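Asks: Pasting a structure below so you can have a look.
What follows draws every value from the coordinates through simple rules; no lab data is involved. These figures come from a predicted structure and were not determined experimentally. Note that we place each Cβ from the backbone using ideal geometry, even for glycine, and neighbour counts take in every protein chain shown.
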Amino acid sequence: MFFSHISIAEKYNYLNERFTCAYRWLAETDLKSLTEGTYKLMGDDVYAMVQEYTTSPWAERRFETHDKYFDIQYMVTGNEMFGVCKRDGLKETERKDANDVVFYDDPDLFGEVLLKEGDFIVVAPEDAHKPRCAAGQPAPVKKVVIKVKA
């Protein structure tokens, strides 16, 4: 897991040109004007999903992982609590291979990160995360999730 602000993202091009492409797109694109949908950045290797939704109470969300992709989750507008922990030892509850997602029961120990406008978090396949959680009361957000092939 990696948490930072977009203004220093280029400092962390720690894998390859796929991350550079994703960070550049986030920094140079007018994200507030984009409509919901999927945007191909490097074919199936790097693509962005623009999402608008209302955050949910913590108990209504689940921890999840992805086998094939890293997630770069970037807050365009709004705030969101984001749970994080290691995947190892979690109790799997559901697997959707077609969507590259595995869901888990909440672990006993985990961390939380408050994502504010302009913040992003990178989640690796070995990390579990619990997105879309309300920071206080449920509220509307706009977020971009960039999928980067592992």
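Asks: So which aspartates and glutamates can residue 96 reach, going by Cα to Cα under 14 Å and dropping same-chain residues fewer than 8 places off?
Replies: 64, 67
Asks: What number, rounded to the nearest 500 deg cm²/dmol, is the helix-based mean residue ellipticity at 222 nm of the chain, given -39500 (n - 2.57) per DSSP H run of at least four residues and division by all its residues?
Replies: Computed mean residue ellipticity for the chain: -2500 deg cm²/dmol.
Asks: Where does each of 7, 56 land when they are ranked from fewest to most other beta-carbon atoms within 10 angstrom?
Replies: Listed from fewest to most nearby Cβ atoms, that is 7, 56.
Asks: Identify all aspartates and glutamates with a Cα-Cα distance to residue 142 below 15 Å; exclude those on the same chain that are fewer than 8 residues away in sequence.
Replies: Cross-link targets: 30, 36, 52, 80, 117, 119.
Asks: In a Gaussian network model over the chain where Cα atoms closer than 10 Å are linked, find which of 55, 35, 77 has the largest mean-square fluctuation.
Replies: It is 35.
Asks: Could you name the lysines whose alpha carbon sits less than 18 Å from that of residue 86, not counting residues in the same chain fewer than 8 places away?
Replies: 68, 130
Asks: With the crude spin-label approximation of a point 7 Å out along Cα→Cβ, what separation in nm comes out for residue 91 versus residue 137?
Replies: So the label points at residue 91 and residue 137 sit 3.4 nm apart.
Asks: What is the order of 121, 6, fewest Cβ neighbours within 10 Å to most?
Replies: Exposure proxy ranking, most exposed first: 6, 121.
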